[in-house]
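Chemist: Take a look at this one; I'll ask things after.
The values are calculated or read from the model by the stated rules, or taken from the named source; none is laboratory data. Small disclaimer: the values here were computed from a predicted structure and weren't measured. FYI the Cβ positions are ideal-geometry reconstructions off the backbone, even for glycines, and counts take in every protein chain you see. Each accessible area value is taken on the protein alone, full model and side chains, heavy atoms only, with ligands, DNA and RNA left out. Shrake-Rupley method; radii C 1.70, N 1.55, O 1.52, S 1.80 Å.
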Amino acid sequence: MAAAGAINSSLRAFLFKTTTQSPFAPSFFTKLSLPTCLFLPNNHKFSHRPFCYSSTQLTSQEDNPRPEKWQNPNNNTRPNVLQILEERGLLESVTSDYLRSVCSDSNFGPLKVYCGFDPTAESLHLGNLLGIIVLSWFLRCGHNAVALIGGATGRIGDPSGKSLERPELDLVTLEKNISGIGGIIKKILFGSPDVCENAGEVKILNNYDWWKDVKFLDFLRNVGRYARVGTMMSKESVKKRLENAEQGMSYAEFTYQLLQGYDFVHLYEKEDVSVQIGGSDQWGNITAGTDLIRRLIGKSSENGTVVGSVPVVFGLTFPLLLKSDGTKFGKSEDGAIWLAPSLLSPYKFYQYFFTVPDDDVVRFLKILTFLNIEEIAEVERDMGKPGYVPNTAQRRLAEEVTRFVHGQEGLEEALKATEALKPGNADTKLDWKTIEGIAADVPSCSMNYDQVLNIPILDLYVSSGLLESKSAARRMLKQGGLYLNNAKVDGESKKIEADDIVDDKVILLSAGKKNKMVVRIS
């Protein structure tokens, strides 16, 4: 016990003191001038809360002694977040079933849970959204959340699920990515409209803050000596890479799990974080952290790290979000579903979910929305009834996910564009802003005012590039498929008039339901 305390004191002395000596690696620890901690107080007021799990009386499943820091003096009841995650298909593995007792026992105080996000792009994508959703479920059940951005570990790159080493990021790109990801997480978690009144606090941290002064030799002596190489080699992410003799794995990548493990040590000691969550491919990294905490801090009930034979730090994984073909949603594939509106407009984000297959929609409603299970079951029953209007379930899915990611304003923008851009929906007045909102998602061209005014409508379809020839335009016209600003074109004698140019800036052409062209007028 004394030895464990000495190790702990030594660790803090060596790893957290301010030093002027050369750090681990100069290029790795170059200072990033970024805000690294954002805080949401417990009394933060949200605009509306249409959803909140009702509190029910929950009882302890075990009679183990409880760490003092987890005592709950208010004795408020909380819904069991693990039970919720499990019934929605969001629970893959947990390091100890004792976490279920902690979540359901009203005598325990709220947990503090963290999820890490590597800044390998300037935006998170749909695959990352599950981590934010699981954090939000913990918040909705009264716990506290920490989102950790890997400003330091992002320089190495997580090898989990990768067949090749990630390309190194320059510091300018890294800073841009950290800022972009931090903004997305802040907007979603801080601005979520349906978090319960008893939601805990949220922090956004950057692990560069504690890595920037770590010295390599001190880290090896005080942390590396407690990491077992055999255990590290047995991790699935390592074994798969080592099977490829040509590519293999660099030492930097091999140590990633140790760096992430030490993040958990730091957050446990400095922030009282006791639970780490991540996708199923993070299991090895997460258990590396729980194991490192036990080895570094020691197994002693006196210092609050262990109660009986049950550890007080936990790891939890959720299934990866997969497409219908079984592949992951990622950012390296074409057509990634980005969460940043600058990379994917709310309209196109909405449209993606509006068009998911029927086979996926119920599963997505469970894991990507906060609708209660009974309501989702009703949606599923309605899909099998005669008279069901196709895509009704998809519309609900698209609305819920778009609101969570882009807020009510983003949802309204997407709905307005969706309605306005329906061919033949001439009752909805188009404006320049609405058309420009979808310009990044459909083909566009620029033409001079004199080129457009008084031009025959069929000629405009050809000169804009929407249709290849006037004969193709005539065929489409006879089929009733040509639309000018959503109004059906009745005859080829129509010529473009000044009133046809929306706000003197744009024209929207449609050929059929899906083929559109935005003509910008200069």
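Chemist: FRET efficiency for Lys478 and Asp358, Cβ-Cβ distance as r, R0 = 35 Å, nearest 0.05?
Modeler: Details: r = 34 Å, r/R0 = 0.96.
Calculated transfer efficiency: 0.55.
Chemist: Next up: Using per-residue counts of other Cβ atoms within 10 Å, averaged over each peptide, order 359-369, 113-123 from highest down. Intermediate values should be presented prior to the final figure.
Modeler: On the way: 359-369: 18.1, 113-123: 22.5.
Top of the packing list down: 113-123, 359-369.
Chemist: Also: Using a 1.4 angstrom probe with every protein chain in place, what is the largest-first accessible-area order of Trp137, Trp432, Trp338?
Modeler: Numbers: Trp137 0, Trp432 95, Trp338 45 Å².
Of Trp137, Trp432, Trp338, the descending order of accessible area is Trp432, Trp338, Trp137.
Chemist: Give the calculated FRET efficiency between Ser106 and Asn372 to the nearest 0.05, with a Förster radius of 30 Å applied to their Cβ-Cβ distance.
Modeler: Values: r = 21 Å, r/R0 = 0.72.
So the FRET efficiency works out to roughly 0.90.
Chemist: Using 0.36 nm per residue of separation minus the Cα-Cα distance, give me the extension gain between Gln408 and Asp272 in nm, one decimal.
Modeler: Working: separation 136, 0.36 × 136 = 48.96 nm, distance 3.36 nm.
That pair, Gln408 and Asp272, stretches by 45.6 nm at full extension.
Chemist: What does the charge add up to near His406, with Lys and Arg as +1, Asp and Glu as -1, over the other residues with Cβ less than 12 Å from its Cβ?
Modeler: Its environment carries a net charge of -2.
Chemist: If you take the C-alpha gyration tensor of the stretch 472-521, multiply each eigenvalue by 5 and take the square root, what semi-axes do you get, largest first, in whole Å? All intermediate terms of the calculation are to be shown ahead of the outcome.
Modeler: Numbers: eigenvalues 72, 32, 12 Å².
Equivalent-ellipsoid dimensions as semi-axes: 19, 13, 8 Å.
Chemist: What distance in nm lies between label points placed 7 Å from Cα along the C-beta direction at Lys385 and Glu86?
Modeler: 3.2
Chemist: Could you order Ser136, Ser446 by accessible surface area, starting with the largest, using a probe radius of 1.4 Å? Please list the in-between numbers first.
Modeler: Details: Ser136 0, Ser446 90 Å².
Heavy-atom accessible area, descending, gives Ser446, Ser136.
Chemist: Figure the gain on full extension for Lys488 and Glu201 (residue separation times 0.36 nm, minus the Cα-Cα span) and round it to one decimal in nm. Kindly include the intermediate steps, with their values, before the conclusion.
Modeler: Values: separation 287, 0.36 × 287 = 103.32 nm, distance 5.30 nm.
Gain on extension, Lys488 to Glu201, equals 98.0 nm.
Chemist: Continuing with this model, one more query. Could you rank Met476, Met447 by how accessible they are, 1.4 Å probe, largest area first? Don't skip to the end; give the middle numbers.
Modeler: On the way: Met476 45, Met447 15 Å².
The most accessible residue leads, giving Met476, Met447.
Chemist: Once the piece of chain linking Glu243 and Ala498 is laid out straight, how much longer is it, given 0.36 nm per residue of separation minus the C-alpha distance between them? Intermediate values should be presented prior to the final figure.
Modeler: Numbers: separation 255, 0.36 × 255 = 91.80 nm, distance 6.67 nm.
Between Glu243 and Ala498, full extension yields an extra 85.1 nm.
Chemist: For the stretch 404-522, what number of Lys pairs, 8 or more residues apart or on separate chains, have alpha-carbon atoms under 12 Å from each other?
Modeler: Lysine pairs, 8 or more places apart or on different chains, close enough: 9.
Chemist: Highest mean first, how do 183-190, 388-395, 128-135 rank when packing is the count of other Cβ atoms within 10 Å averaged over residues? Kindly include the intermediate steps, with their values, before the conclusion.
Modeler: Values: 183-190: 19.1, 388-395: 14.6, 128-135: 22.2.
Descending mean neighbour count gives 128-135, 183-190, 388-395.
Chemist: Sorting check: for 140-150, 397-407, 211-221, which peptide has the highest mean count of neighbouring beta carbons within 10 Å, and how do the rest follow?
Modeler: Values: 140-150: 24.3, 397-407: 22.6, 211-221: 16.5.
Result, highest mean Cβ count within 10 Å first: 140-150, 397-407, 211-221.
Chemist: Estimate the FRET efficiency between Lys422 and Phe216 by the formula 1/(1 + (r/R0)^6), using the beta-carbon distance for r and 56 Å for R0, to the nearest 0.05.
Modeler: Working: r = 61 Å, r/R0 = 1.09.
It comes to 0.40.
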